[in-house]
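The structure under discussion appears below in the form of structure tokens.
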Amino acid sequence: MKCRVCREPAVLDIRRHNAAFCRDHFVKHCAEQVRRAIKDHDMIGAGERVVVAVSGGKDSLALWDLLVDLGYRPDGLYLGLGIGEYSEASGHAARAFAQDRGLKLHEVDLATDFGYDIPRAAAATHRAPCGACGLSKRHLFNAVAVEHGYDVVATGHNLDDEAAVLLGNVLRWETGYLGRQHPVLPATPGFARKVKPLYRLGERETAAYCVLRGLDYQVEECPMAEGNRHLGFKEVLDGLEDRSPGAKAAFVFGFVDRAHEYFTDDAGEEREGLRQCVVCGSPTTSGVCAFCRLRERVGTRAEHSQ
Ligand code: Q46
Ligand code: ZN
Ligand code: ZN
């Protein structure tokens, strides 16, 4: 196996590109995919402030590293979920990465700052933990970005994540979700722009990138992921990819380029009629936003003043 670019021995082959790369050219390949994603979708404008949602895992650390490498100066945001040792090791990886490079890392801790953690929220809602977790992340990433004046929130969703979510949305024809599933969600009043610069890279590529760049990431998967239906979709898609390399990329890129536009009206309808949450002021379609309702159910919400 030789590198497609320089013919030196390759360290990794990517079947969907029908190509192998040496270390240096693989790192360049990753940077090129991210550069292209940013350019194709106008993800980050000149002089805009970017915050990366950092979990300490391979995707978010690869993303932070790649954005720095491409000349941006992004800060990080780590959210402590309180999922035992997993969260401790994740926080450690995120902090070490920031410290080694002199980058700024904001930290929010669910237990310290909001009085609950994900296991407790899951118990109180009698639902799978990923529901409360995803809701908390969406709310707090945006709230911190808005509070600190960031223009853009970048998340580490990769090609495998996007393909799994897309499959789930298509299987149920969730047209509103399909309208919002895109590498860029534009800013609207109360919401920073959300971007996914890794959507052109598979998770095998982001893991290899971290190893080749010597990034110390949290290798363990979240212990609460069991039962997350996206894992099932990932398995199905891995099977497809095995038989037909490039299937995931064709599925996701084809949707982004040729199908997403047909669903944007459905997503737009859901964003109409937004008002301010009476408790925290975040945009919401109901009087009290989903995050504050969650806090109320977990029993930690401060009473709002009338
Ligand atoms: S951290 Fe949270 Fe994930 Fe763990 S509880 Fe589910 S959503 S699996 S990316
Ligand atoms: Zn090479
Ligand atoms: Zn609220």
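The values are calculated or read from the model by the stated rules, or taken from the named source; none is laboratory data. No experiment lies behind these values; they were computed from the predicted model shown. Positions of Cβ are backbone-derived with ideal geometry, glycine not excepted, and every protein chain shown enters the neighbour counts. For the accessible areas, the whole protein counts, side chains as well, though only heavy atoms, and no ligand, DNA or RNA atoms are used. Shrake-Rupley method; radii C 1.70, N 1.55, O 1.52, S 1.80 Å.
Between D13 and A31, the simple spin-label model (points 7 angstrom out along Cα→Cβ) gives 2.7 nm.
If each residue of separation counts as 0.36 nm, what is the full-extension length gain between A123 and A89 once their alpha-carbon separation is subtracted? List each step's numbers first, then the result.
Numbers: separation 34, 0.36 × 34 = 12.24 nm, distance 2.30 nm.
Result for the pair: 9.9 nm of gain on full extension.
Exposure check, 1.4 Å probe, all protein chains in place: D265 carries approximately 110 Å² of accessible surface.
Please report the spacing between the Cα centers of region 1-43 and region 109-127 in Å, no decimals. Region 1-43 and region 109-127 have Cα centres spaced 41 Å from each other.
In order along region 277-293, phi translates into HN-Hα couplings of 4, 5, 8, 10, x, 6, x, 7, 8, 10, x, 10, 6, 4, 5, 5, 5 Hz, rounded to whole numbers, per the Karplus curve 6.51 cos²θ - 1.76 cosθ + 1.60 with θ = phi - 60° and x for Gly and Pro.
Helix-only arithmetic for the chain: the sum of -39500 (n - 2.57) across DSSP H runs with n ≥ 4, divided by the residue total, places the mean residue ellipticity at 222 nm at -14500 deg cm²/dmol. Paramagnetic label reach from V5 (point 7 Å along Cα→Cβ; backbone nitrogen cut-off under 20 Å): within region 201-220, residues 201-215.
Per residue, the solvent-accessible area of the chain (1.4 Å probe, heavy atoms of protein chains only, all protein chains present) comes to 51 Å². Counting 0.36 nm for each residue step from L171 to D69 and taking away their Cα separation leaves a gain of 32.9 nm.
Here region 174-306 is treated with +1 on each Lys and Arg Cβ and -1 on each Asp and Glu Cβ, and its dipole about the Cα centre works out to around 380 debye.
Per 0.36 nm of contour for each residue apart, how much would the distance between R229 and K104 grow if the chain were fully extended, relative to their Cα-Cα spacing?
Details: separation 125, 0.36 × 125 = 45.00 nm, distance 3.40 nm.
This chain segment gains 41.6 nm when fully extended.
Can you pull the percent of region 47-106's accessible area that's carbon plus sulfur, 1.4 Å probe, other chains left in place?
That share works out to 44 percent.
Grouping the Cα pair distances of region 3-135 into 10 Å bins from zero gives a pair-distance distribution of 11, 31, 28, 22, 7, 1 percent in increasing distance order. Using all pairs of distinct alpha-carbon atoms, the Kirkwood hydrodynamic radius of region 121-239 works out to 16.2 angstrom.
What is the projected area of the convex hull of the Cα atoms of the chain, averaged over all directions, in nm²?
Numbers: hull surface 65.3 nm².
Here the figure is 16.3 nm², rounded to one decimal.
Between amide H atoms placed 1.01 Å from N, distances below 5 Å from V54 occur with L77, Y78, L79, all of them 5 or more places distant or on a separate chain.
Rounded to a whole number, what % of the accessible area of region 121-168 do carbon and sulfur atoms account for, probe 1.4 Å?
In region 121-168, the share of accessible area belonging to carbon and sulfur is 56 percent.
Distance between the modelled labels on R49 and D238, one decimal in nanometres: 4.1 nm (7 Å Cα→Cβ projection). Computed over region 106-149, the P(r) curve from all C-alpha pair distances, binned at 5 Å from the origin, holds 5, 21, 29, 24, 12, 6, 2, 0 percent per bin.
Pairs exceeding 19 Å between alpha-carbon atoms, taken from K2/K28; K58/K234; K137/K196; K39/K137; K2/K196: K39/K137; K2/K196.
Placing +1 at every Lys and Arg Cβ and -1 at every Asp and Glu Cβ, with all other atoms neutral, what dipole size does region 1-133 have around its Cα centre, in debye to the nearest 20?
On the way: 18 positive and 18 negative charges, 134 e Å.
I would put it at about 640 debye.
Divide the volume of the convex hull of the Cα atoms of region 24-94 by its number of residues and quote the answer in cubic angstrom per residue. Before the final figure, lay out the partial values.
Numbers: hull volume 6.7 nm³, N = 71.
Once divided by residue count, the hull of region 24-94 is 94 Å³.
Rolling a 1.4 Å probe over the protein chains gives M1 an accessible area of about 140 Å².
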